[in-house]
1. Test Lys36 against the stated conditions and say whether it is under 23 Å from Lys126 (Cα atoms) and within 17 Å of the chain's Cα centre (by Cα).
2. Would you please name the residue that is surrounded by the fewest Cβ atoms within 10 Å (Cβ to Cβ), looking only at residues in region 13-62 that are small (Gly, Ala, Ser) and either on the phi > 0 side of the Ramachandran plot or in contact with a Cys (Cβ under 8 Å, 6 or more places away or on another chain) (or both)?
3. May I ask you to list pairs of residues, at least six apart or on different chains, whose Cβ atoms are under 6 Å apart, with the first in region 110-135 being modelled with pLDDT of 70 or more and the second being exposed (fewer than 13 other Cβ atoms within 10 Å of the Cβ) and not in a loop (DSSP other than H, G, I, E, B)?
4. Look at Asp18 and say whether it is in contact with a helix residue (DSSP H, G or I) (Cβ under 8 Å, 6 or more places away or on another chain) and of a type outside the set (A, V, I, L, M).
5. Could you list, in sequence order, all residues of region 1-12 that are closer than 16 Å to Tyr59 by Cα and surrounded by 19 or more Cβ atoms within 10 Å (Cβ to Cβ)?
Amino acid sequence: MSKRYRLIIFDKAQAGHDIETVKTNLAKQLKIPLSKLNALLEKPFVLKNGLTKEQAIKYKQFADKLGIVYKITEEVPHTSQQQDTKLESPQSQDASHTEQSDIPPSTQMICPKCGAMQEKSPKCIKCGIFLKNIT
């Protein structure tokens with residue numbers, strides 16, 4: 001089976017970009033109100049799951065063009081662990097380790113079904129799936 005990737009975006013602009021302009025343009029591209037985008041970006045947000053490598057490269061180009069800080073990670077089937085790939089914005093490494101949330105990284109997890117980032121828990125707070133049922 002071929003590898004799949006997910007695109008995670010952060011509430012941070014790449015160097016040389018204004019965050020408000022970036023958010024306004026991203027909201028227009030996603031066809032959602034700016035207020036909804038702001039709510040989604042309160043924590044790192046999985047914009048897209050299940051991407052092929054080719055699709056991940058296209059999303060990388062999209063994120064770079066908009067100027068949003070992002071990270072593309074390899075999806076690991078049936079586990080909450082993630083593996084980093086080389087497809088990330090220049091600022092994403094700093095953002096992913098320092099600005100993800102108030103929860104220390106060692107207590108975070110990403111739901112393997114919906115991609116929601118949350119505090120480690122037996123149940124996903126976004127989609128409601130019990131994680132022990134996935135393994």
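The values are calculated or read from the model by the stated rules, or taken from the named source; none is laboratory data. Quick caveat: nothing in here was measured; it's all calculated off a predicted structure. With ideal geometry, Cβ positions are generated from the backbone for all residues, glycine too; neighbour counts draw on all protein chains shown.
1. It is true that Lys36 is under 23 Å from Lys126 (Cα atoms) and within 17 Å of the chain's Cα centre (by Cα).
2. Gly16
3. Glu119/Thr107; Lys120/Thr107; Lys123/Phe130
4. no
5. Residues satisfying the conditions are Tyr5, Arg6, Leu7, Ile8, Ile9, Phe10.
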